[in-house]
Number of protein chains: 4
Amino acid sequence: MPLPEPIYDVAHLAHVELLTPKPNESLRFFIEIMGMSVTTQQGDSVYLRAYDDYEHHTLKLTAARQPGMGHYAWRARSPQALQRRVAAIEATGLGKGWTDGDLGHGPAYRFTTPDGHNVEIYYETEWYQAGETDKPALKNQASRFPGRGANLRRFDHLNILTVDMKATRKFHTEVLGARLTEVITFDDGTDKGLWFSVNNKTYELAIVEDHTGVPGRFHHMTYAVNSREEVLLAADICLEHGVFIETGPHKHAIQQTFFLYVYEPGGNRFEIANPTARLIVAPDWKTIEWSEADRKKGQAWGLKTIESFHTYGTPPVE
Amino acid sequence: MPLPEPIYDVAHLAHVELLTPKPNESLRFFIEIMGMSVTTQQGDSVYLRAYDDYEHHTLKLTAARQPGMGHYAWRARSPQALQRRVAAIEATGLGKGWTDGDLGHGPAYRFTTPDGHNVEIYYETEWYQAGETDKPALKNQASRFPGRGANLRRFDHLNILTVDMKATRKFHTEVLGARLTEVITFDDGTDKGLWFSVNNKTYELAIVEDHTGVPGRFHHMTYAVNSREEVLLAADICLEHGVFIETGPHKHAIQQTFFLYVYEPGGNRFEIANPTARLIVAPDWKTIEWSEADRKKGQAWGLKTIESFHTYGTPPVE
Amino acid sequence: MPLPEPIYDVAHLAHVELLTPKPNESLRFFIEIMGMSVTTQQGDSVYLRAYDDYEHHTLKLTAARQPGMGHYAWRARSPQALQRRVAAIEATGLGKGWTDGDLGHGPAYRFTTPDGHNVEIYYETEWYQAGETDKPALKNQASRFPGRGANLRRFDHLNILTVDMKATRKFHTEVLGARLTEVITFDDGTDKGLWFSVNNKTYELAIVEDHTGVPGRFHHMTYAVNSREEVLLAADICLEHGVFIETGPHKHAIQQTFFLYVYEPGGNRFEIANPTARLIVAPDWKTIEWSEADRKKGQAWGLKTIESFHTYGTPPVE
Amino acid sequence: MPLPEPIYDVAHLAHVELLTPKPNESLRFFIEIMGMSVTTQQGDSVYLRAYDDYEHHTLKLTAARQPGMGHYAWRARSPQALQRRVAAIEATGLGKGWTDGDLGHGPAYRFTTPDGHNVEIYYETEWYQAGETDKPALKNQASRFPGRGANLRRFDHLNILTVDMKATRKFHTEVLGARLTEVITFDDGTDKGLWFSVNNKTYELAIVEDHTGVPGRFHHMTYAVNSREEVLLAADICLEHGVFIETGPHKHAIQQTFFLYVYEPGGNRFEIANPTARLIVAPDWKTIEWSEADRKKGQAWGLKTIESFHTYGTPPVE
């Protein structure tokens, strides 16, 4: 008898709300240095997108006392798929109910991860319409290539710190229907890192263990540029602007992402990355397992993973 | 009432059987110049793959009197999905029945496009297992980066010439459940080019009108490299080896692919390409329509499309 | 008996004065789209430089009724070298006498090429001093990487149209001491293109035959970016801003330059290029000779040289 | 009164003789992994070159009991320039007399650096003539682009460990006429690193202090590839072949070189690098001075310099 069919109800990770204690500096970072654009400003929040993000926003930047993540959101593949996932989430007791939506998208169902991160899922969305000043030359692109700063192309993925790895793994595979494409499992059988995908990107949500025991924290979010060379250019630009570079550019062994990690002025870790031409098209991808010994080898070309990468998250733990 | 849900039964385009009247020269081209590897040789066919193709092969190279395409194949997302698509195909009358499969994959259902191209769809497949000499340093890669020639990473897409554009469009959207991501429609309402995707690649199957009136011909197949820079390196390598470069490197307006078109020694057009970080993650992507006037603008940066690109296909028409 | 020693009196091509009938549009092009910066504005001229140009300016943009070139300048290697070259020039009768210099450099000796182009040679110069807003993070760079538009790094070379190829060749080799690194010589023995270098760049001054018979015209000037990938990015940026792309990106057979030719708003041809790692370090480089047949092959990867490249120059010929 | 004119008698660094205790493994490394080619094999030495090196060889690989450097060589700009430099060297007492030359070049004058490294200078050389199998498509290139491994283009520079920094600095500036383009000088006034150029490359000879007190050792030699992307590809290739990667890819603050350091199988450090479009064309370049504090900042993007980079050299110190 064949296995049950895989779930294809979630289309992609849609956006992240980032909290910043330095809203002006953070905004300048995302616009001037990263090359993103503002769609709308409302209350304490500014809604931003990269030039080829098709939705109203992929980043909601909200002023707050501390850095961290307000929430993040998935987009479902269809109205029916949304209903199915909401039913599955409700069954877990993690559901928090419907909201009328936010700027840029329709009704969203709110829930938390087992670790307490705020999440939403929705289907109805507002496609970004370029105006006179950012109309692209090629109509298959959401808006004009900015020619400014790092020229981020599109939102790529999110990485969250998590205390309860076991429950979180189960939730994402069984309830959301995400595939675990790669995992770090230590010799004692505990997972230290989980990489989930709901589509052909090799991952959209990464979950790494939070050693502090404080649940629900944020590790980083990532935008993709078109080439590894552009990641190098981003490093040059960050260098020129005094942006703190935590580590990179270098290549991850896990997922092979070519990465650059910086801290945006509000204190949140931010990644500029390029996945090269790597995709997962196999519907029956076999989870890649990295052992404790594997992880000790460091990054792909031997760079030792910087200590802060294992400890720093937002909000910071006192 | 919501629309019916989209079909997600086909995972990806899996392989192409290419016919060559110069099997030795073609084989040398794919191994030495393109950097592919042989998995098996059997009868008149050699089975090849790029270094990160996960299946037994993505290219079956078969000796023949004339260049052209023997068949191509889709992989379904699950056994159930395979059955559903087979039922749908059978209902069209284009079905030709099951085969026991081929080297590298299990039972396949054979059918033709409305234009007569031979196609197969299957689910069961043999994952490529790297051996001592091609074991990759990173376990999330199918085999070792070759460091040879153009270093093709993975099969990307197929382009077929078609006389009956209308029937072909209908078949792929309604029967296979592919999404039409971009289209060229002339002022008289006829389609001249169709780009279909079944996943997050922006296209896997392109269909262009065959002006000769001869149905079922092959235009080109394409492998992806990791960067636009590697497409340029491939051009240098082709130049050094006397490979005929038809056009490029340049950037397509349609789909924005950075392309290089060459003819392999057997006479088939072959493309080395890089998609940059462009993907389609929106489940409700709106088909991009290019008009007759749009197409006259040439490629993205103004290169006029070379005449042979509109006329040459294999087998050649006498 | 050994040959006489080569002349090493000229250090490099220093700057070009470009004439534009659309000074505001041209200025915006060089600043916003090309990423250059203004050092000074004076009278009808604006003095610009790329971020790693060490002198006060490499481009003097001057308002004029017609596009074209006002003059260009060489920098000598030392005061003594300057005197020697001036003496040699004076002996040819092409000298026009000393000027007190211009903004950014000291006394300059004026002369013309045998074809009538205005040229200067000087030694004393003003090194550019970056200020608060453009101070580079690395002190071995003239100013900050702009992160704006095409991010031109440095002035690379100049190409002038010339009627009297024979006299021009003789003048540059014998009087200035330039080395002819590559040449196009047709079957009838006439030179069609000359590439001269005075240092390890493979060329700094290119001279191509002007078929119109009008002497002293300008073909194009070129700035270098750090990679071929950045030339591709420049093409994307030009596309987005409606800049006319004449040809490219592609690779020249001659000198192997990876090129992109555009027309700046004033009508002058302008090139963004990358030389890869190619340099000439041999002191006895043997001139590379390209024949009429060679030239018919087109550019390196087979692109046919666009017709306007052979005919268009500034000022335009009525 | 003007300063004395700069000396332009030395054209470029020409080759290095590398000693290896594992000649077969080292040879395979340079051919298969680095993409170099053998010109000749004679006795215990193999003569190699990168595809665009114009001379007979730039690397002489000699079997020996220990890794290290046999000698290195400069090429003079002319026969007269050679005689002048030989006279200047002889006057220092460091001269060792003439040899008849070696395979690939004519008479060479032997001398040592003040630290005891063996050096030669010569003028007459044998230009490499490509044969049937490595004839380039473009005649301005020394031989065919290999499409193999790292595809090194040309010899770039040499770095030697030195105990007596003061004497070595004086020797290179005053006797050879090299320009000191960058220097690390600590707070106590002692130089820790010296970067010399005799042409428009920003450096060809780097000299770093040897803390062991053992004179005359070798730090590394470097070949250039055409782009930073190709340095990344070289890292991937080294990873796949188990080549020890010491550090990188990353960007040096000093000279801005994009670097990758590996150990070839014989134990010698070897660098694959790209200089981007950076050149020094100013004849009066002002030495860039890096302080003790500057050096503590690490590499350009913040990578801490790996400890072995300061301690490891060949032959190793017991």
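Bear in mind that the values in this text are calculations on the coordinates, not laboratory data. Quantities reported herein were computed from a predicted structural model and do not represent experimental measurements. FYI the Cβ positions are ideal-geometry reconstructions off the backbone, even for glycines, and counts take in every protein chain you see.
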Kirkwood radius from Cα pairs of the protein assembly as shown plugged into Stokes-Einstein at 10 °C, 1.306 mPa s, gives D in µm²/s equal to 49 µm²/s
Copies of B:Thr305 compared via label points 7 Å along Cα→Cβ give distances in nm, shortest first, of 2.8, 4.8, 5.6
Surrounding charge for B:Thr314, neighbours by C-beta under 14 angstrom, Lys/Arg +1, Asp/Glu -1, total -2
Computed over the Cα atoms of chain A, the Rg and Dmax in Å are 18.7, 60
Inter-copy distances for C:Ala293, label 7 Å out on the Cα-Cβ vector, sorted ascending, nm, one decimal, are 4.8, 6.2, 6.6
Placing each pseudo-label 7 Å from Cα in the direction of the beta carbon, A:Lys286 and A:Asp164 end up separated by a distance in nanometres of 3.2 nm
Sorted on mean Cβ neighbours within 10 Å (highest first), peptides B:94-106, B:31-43, C:230-242, A:233-245 come out as C:230-242, A:233-245, B:31-43, B:94-106
CD proxy, 222 nm, chain D: helix-only mean residue ellipticity via -39,500 (n - 2.57) per DSSP H run with n ≥ 4, per residue, nearest 500, stands at -4000 deg cm²/dmol
Non-local residues with an amide H under 5 Å from the amide H of B:Leu260, with H modelled 1.01 Å from N and Pro and chain starts lacking one, are B:Ile272
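How much FRET efficiency would the formula 1/(1 + (r/R0)^6) give for C:Phe186 and C:Glu307, where r is the Cβ-Cβ distance and R0 is 25 Å, rounded to 0.05?
Once rounded, the FRET efficiency stands at 0.90.
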Across A:Ile160, A:Ile254, A:Ile288, the residue with the highest GNM fluctuation in chain A (Cα network, 10 Å cutoff) is A:Ile288
Projecting the Cα atoms of B:Leu176, B:Thr222, B:Asn140 onto the charge dipole of region B:118-230, where Lys and Arg contribute +1 and Asp and Glu -1 at Cβ, the residue farthest towards the positive end is B:Asn140
As straight-line cross-link partners of A:Lys297, the qualifying lysines (C-alpha separation under 24 Å, not fewer than 8 residues apart within one chain) are A:Lys192, A:Lys251, A:Lys286, B:Lys135, B:Lys139, D:Lys251, D:Lys304
Applied in sequence order to region C:280-292, the curve 6.51 cos²θ - 1.76 cosθ + 1.60 (Karplus, θ = phi - 60°) yields integer Hz couplings, x standing for Gly and Pro, of 10, 9, 5, x, 10, 3, 8, 3, 7, 10, 9, 8, 4
In whole Hz, the Karplus estimates of ³J(HN,Hα) for region D:251-267 (6.51, -1.76, 1.60; θ = phi - 60°; x where Gly or Pro) are 10, 5, 5, 5, 6, 6, 4, 8, 10, 9, 10, 10, 10, 6, x, x, x
With x for Gly and Pro, the residue-by-residue ³J(HN,Hα) of region B:87-100, computed from phi through the Karplus equation 6.51 cos²θ - 1.76 cosθ + 1.60 at θ = phi - 60° and given in whole Hz, is 4, 5, 5, 4, 5, 8, x, 8, x, 10, x, 8, 10, 6
Out of C:Gly298, C:Gly248, C:Gly68, a Gaussian network model of chain C with alpha-carbon springs under 10 Å gives the largest mean-square fluctuation to C:Gly298
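Of A:His57, C:His12, how do they rank once you tally other Cβ atoms within 10 Å and put the fewest first? Spell out each step's value before the answer.
On the way: A:His57 29, C:His12 22.
Listed from fewest to most nearby Cβ atoms, that is C:His12, A:His57.
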Charge tally for neighbours of D:Tyr223 with beta carbon under 12 Å away, counting Lys, Arg as +1 and Asp, Glu as -1, is -3
Among B:Ala253, B:Ala91, B:Ala64, the residue with the largest mean-square fluctuation in a Gaussian network model of chain B built from Cα contacts under 10 Å is B:Ala91
Listed by chain and number, the residues whose amide H is under 5 Å from that of C:Gly101, excluding neighbours fewer than 5 places away on the same chain and using placed H, are C:Ala108
Extend 7 Å from the Cα of A:Glu174 along its Cα-to-C-beta direction; within region A:88-103, residues with backbone N under 16 Å of that point are A:88-95
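Kirkwood hydrodynamic radius for region A:151-232: how many Å is it when counted over pairs of different Cα atoms? Intermediate values should be presented prior to the final figure.
Values: mean 1/r = 0.0732 Å⁻¹.
This gives a value of 13.7 Å.
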Per-residue average of other protein chain Cβ atoms inside 10 Å, peptide D:129-141 -> 4
Sorted largest first, the C-alpha extents of region A:242-296 along its principal axes in whole angstrom are 43, 27, 18
Region C:208-318 -> Rg/Rh from Cα coords, Kirkwood Rh, value 0.98
Volume per residue (Å³) of the convex hull spanned by the alpha carbons of region B:63-186 is 183 Å³
Averaged over the residues of B:115-128, the number of partner chain Cβ atoms within 10 Å of each residue's own Cβ comes to 1
Amide H contacts under 5 Å for C:Ala76, restricted to residues at least 5 apart in sequence or on another chain and with H modeled in the peptide plane, are C:Ala11, C:Tyr122, C:Tyr123
Across D:296-306, the residue-averaged tally of Cβ atoms belonging to other chains within 10 Å stands at 4
Here FRET efficiency (C-beta to C-beta, A:Lys139 to C:Lys139, R₀ 41 Å, nearest 0.05) is 0.35
Reduced to Cα centres, the span from region B:5-33 to region B:214-252 in Å works out to 14 Å
